[in-house]
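Participant: I have a structure I would like to understand better, so I am pasting it below and will then ask my questions one at a time.
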Amino acid sequence: MPPPAVVENGGNTGDPRILRCVCLKAVGLRRKLCCKREGSMLASVLARNWWAFVIRGLLAVLFGLIALFLPGVTMLSLVLVFAAYAFADGIFAIVGAVRAVRAHDRWGLLILEGVVDILAALAAVTLPGLTVVVFVTLLAVWALLTGGLMLSAAFKVDADHGRWWMVLGGAVSILYGLALFIAPLIGALVLTWWIGAYALVFGVAMLFLAFRLRAKVAGLVTT
């Protein structure tokens, strides 16, 4: 009669169920470590492009101030100012994200946000006979799309890299888009107030995000 199998640590090491459980745990741990490492690398790449968020924040603040204090605002001037802002914001959103996209495809969310900005600017300029209702609808769609994309990108950034400022920017955009959908028949004057307030809050959030990213870059350099 052959000798009984040796049992170590109170279990049968040849049990396929135990081996499968160990393998699954090892794969899960490796994936978590991989994701964490990739997230840190991407956040550092984004931090090195902090200047793009400064420009986006300044553009938003400038656009908000123009919308609030421009005397005798007309529908045409409002459309042109929005188109100029959205186009410039889209360009710098793409520039600020392109290096991160080279590191990982998921950063295409930020490039897609820039593309949406540019398309909204072109639509605002080229649509014939743009009425207040059509312009409000365009603004609502633009705000919802860009806000959703920024919110999705925010959770790929570490909290200490300014994640919550990105969350604030995305959330403000989404709330602004929903408000426009709820009340599309607002006058041009009220619309300028809404646009100005939204742009100021969004711009301040981008500026705080930029300086948070800059602080991380300074920390990387000193270490």
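Participant: Condition check: out of contact with any strand residue (DSSP E or B) (no Cβ under 7 Å at 6 or more places or on another chain), farther than 11 Å from T192 by Cα and of a type in the set (G, A, S). Does G64 satisfy that? Reasoning before the result, please.
Facilitator: On the way: out of contact with any strand residue (DSSP E or B) (no Cβ under 7 Å at 6 or more places or on another chain): yes; farther than 11 Å from T192 by Cα: no; of a type in the set (G, A, S): yes.
No.
Participant: Regarding F53, is this residue at pLDDT 80 or above, under 19 Å from V167 (Cβ atoms) and assigned to a helix (DSSP H, G or I)?
Facilitator: yes
Participant: Cβ-Cβ under 8 Å, sequence separation 6+ or interchain: first residue in region 113-124 and within 16 Å of G147 (Cα to Cα), partner of a type in the set (S, T, N, Q). Which pairs?
Facilitator: Pairs that qualify, where the first residue is within 16 Å of G147 (Cα to Cα) and the partner is of a type in the set (S, T, N, Q), are E113/T146; V116/T146; D117/T146.
Participant: Can I ask one more? Are there any pairs with C-beta distances below 6 angstrom linking a residue in region 167-183 that is within 16 Å of M150 (Cα to Cα) to a residue that is among the aromatic types (F, W, Y), with the two at least 6 apart or on different chains, and if so which?
Facilitator: Here the result reads G169/F202; V172/F202; Y176/Y198, each pair linking region 167-183 to a residue that is among the aromatic types (F, W, Y).
The values are calculated or read from the model by the stated rules, or taken from the named source; none is laboratory data. Nothing here was measured: the structure is a model prediction, and the numbers come from that model. So basically every Cβ, Gly included, is an ideal-geometry build from the backbone, and we count neighbours across all protein chains shown.
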